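**Student:** One structure coming up, written as structure tokens, with questions to follow.
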């Protein structure tokens with residue numbers, strides 16, 4: 001089972017769509033940007049706006065102060081519709 005999961009994760013990471021988030025952005029603008037970029041590539045995101053904001057705050061809390069991004073990061077949009085972050 002572990003091997004199957006690892007294979008799926010490796011497949012999803014093939015050619016992800018990268019999107020850069022600059023410092024100074026409002027955290028609530030990021031989901032809209034993710035949806036727009038995903039639409040351009042025919043990818044359906046598995047999360048709604050509220051879920052994405054929560055994920056961003058949990059995974060990148062040290063890069064966000066209040067509602068502002070204070071350190072740039074990269075969003076990886078996977079073909080499966082999942083979203084990962086690279087710092």
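The values are calculated or read from the model by the stated rules, or taken from the named source; none is laboratory data. Quick caveat: nothing in here was measured; it's all calculated off a predicted structure. Positions of Cβ are generated from backbone atoms using ideal geometry, with glycine treated the same way; all protein chains shown enter the neighbour counts.
**Student:** Residue 57 - would you say it is in contact (Cβ under 8 Å) with a residue 60 or more places away in the chain and in contact with a helix residue (DSSP H, G or I) (Cβ under 8 Å, 6 or more places away or on another chain)?
**Tutor:** no
**Student:** Among the residues of the stretch 45-87 satisfying the criterion of being within 15 Å of residue 18 (Cα to Cα) and surrounded by fewer than 12 Cβ atoms within 10 Å (Cβ to Cβ), which is farthest from the chain's Cα centre (by Cα)?
**Tutor:** 87
**Student:** When the residues of the stretch 13-30 are filtered to those that are under 17 Å from residue 81 (Cα atoms) and touching a strand residue (DSSP E or B) at 6+ places or on another chain (Cβ under 9 Å), which remaining residue is modelled with the lowest pLDDT?
**Tutor:** Among those residues, the one meeting the criterion is 13.
**Student:** Quick one: how many residues across the stretch 31-54 are within 13 Å of residue 81 (Cβ to Cβ) and in contact (Cβ under 8 Å) with a residue 24 or more places away in the chain?
**Tutor:** Taking the stretch 31-54 as the starting set, the residues that turn out to be within 13 Å of residue 81 (Cβ to Cβ) are 34-35, 37-39, 41-48, 51-52.
Pick out the ones that are also in contact (Cβ under 8 Å) with a residue 24 or more places away in the chain and you get 34, 37-38, 41, 43-47, 52.
Summing the residues that are within 13 Å of residue 81 (Cβ to Cβ) and in contact (Cβ under 8 Å) with a residue 24 or more places away in the chain in the stretch 31-54 gives 10.
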